[in-house]
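Have a look at the structure below before the remarks.
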Amino acid sequence: MKVVRDLVAAFSMKSEFAARRNKLYRIAYSWCHDPALADDLVQETIYKALKNASRLRDVKTMDSWLYRILYNCWQDYLRVKGRNVEFVEMHDEDQSGQADNYQQSQIVKRVRSSVEKLPLPLREVVTLADFAGFSYAQIAEITEVPIGTVMSRLFRARKSLKEQLLEFGSEDISEFKLRRIK
């Protein structure tokens with residue numbers, strides 16, 4: 001009977017991880033800017049999570065647990081590869097010909113470019129906060145830095161993004177304002 005319970009639990013965990021795969025991929029991609037590497041990081045994250053599912057004490061903390069695993073996989077990659085990883089700019093080839101879609105794609109392209117220019121520690125914190133929606137405490141737990149450091153990095157990242165985006169100075173985006181997402 002225990003075997004059946006374990007199988008049901010494993011199947012349930014697998015579906016929980018699969019539901020979070022796209023969000024994990026977006027964060028991994030925002031860190032490395034390489035679709036293949038981001039996919040590898042997510043696969044490794046899910047593999048390690050499935051392997052160590054019994055260590056998850058509370059299902060409510062599954063998101064921060066998964067992102068901690070992803071962050072560790074990313075740090076392992078950087079340790080092996082070295083901090084001088086070369087990033088290649090990616091171009092979105094699926095742009096529609098419509099004016100609204102074009103404008104939206106230009107804004108997304110500018111934001112992505114601005115995020116890419118941030119130093120890695122700032123990029124990690126801002127993506128976890130603004131893209132993944134984690135609280136300061138969760139980010140501090142994931143990145144293993146004090147909460148004050150998370151807050152200062154997030155402040156500096158947002159300030160830098162605001163300056164970079166306002167430098168574009170284009171009339172098309174002047175009506176858009178940066179907003180804080182928590």
I'd like the residue in the range 148-175 that is part of a loop (DSSP other than H, G, I, E, B) and in contact with a helix residue (DSSP H, G or I) (Cβ under 7 Å, 6 or more places away or on another chain) and, out of all such residues, is modelled with the lowest pLDDT. 173
Output for Cβ contacts, cut-off 8 Å, separation at least six or different chains, first residue of a type in the set (Val, Ile, Thr) in the range 102-116, second modelled with pLDDT of 80 or more, reads 111/161; 111/165; 115/30; 115/123; 115/126; 115/127; 115/161
Between residues in the range 33-51 that are closer than 28 Å to residue 114 by Cβ and residues that are assigned to a helix (DSSP H, G or I) and not hydrophobic (A, V, I, L, M, F, W, C), which pairs lie under 7 Å by C-beta distance while being six or more apart or on different chains? 33/116; 35/29; 38/25; 38/29; 39/25; 41/77; 42/21; 42/25
Qualifying residues in the range 127-147 (those that are outside any helix (DSSP H, G or I) and closer than 10 Å to residue 67 by Cβ) - the one farthest from the chain's Cα centre (by Cα): 134
Flag for residue 41 being under 12 Å from the mean Cα position of the chain (by Cα), surrounded by 15 or more Cβ atoms within 10 Å (Cβ to Cβ) and modelled with pLDDT of 90 or more: yes
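The values are calculated or read from the model by the stated rules, or taken from the named source; none is laboratory data. Since the model is a prediction, treat every value here as computed from it, not as a measurement. Glycine gets a Cβ as well: all are built from the backbone with ideal geometry, and neighbour counts include every protein chain shown.
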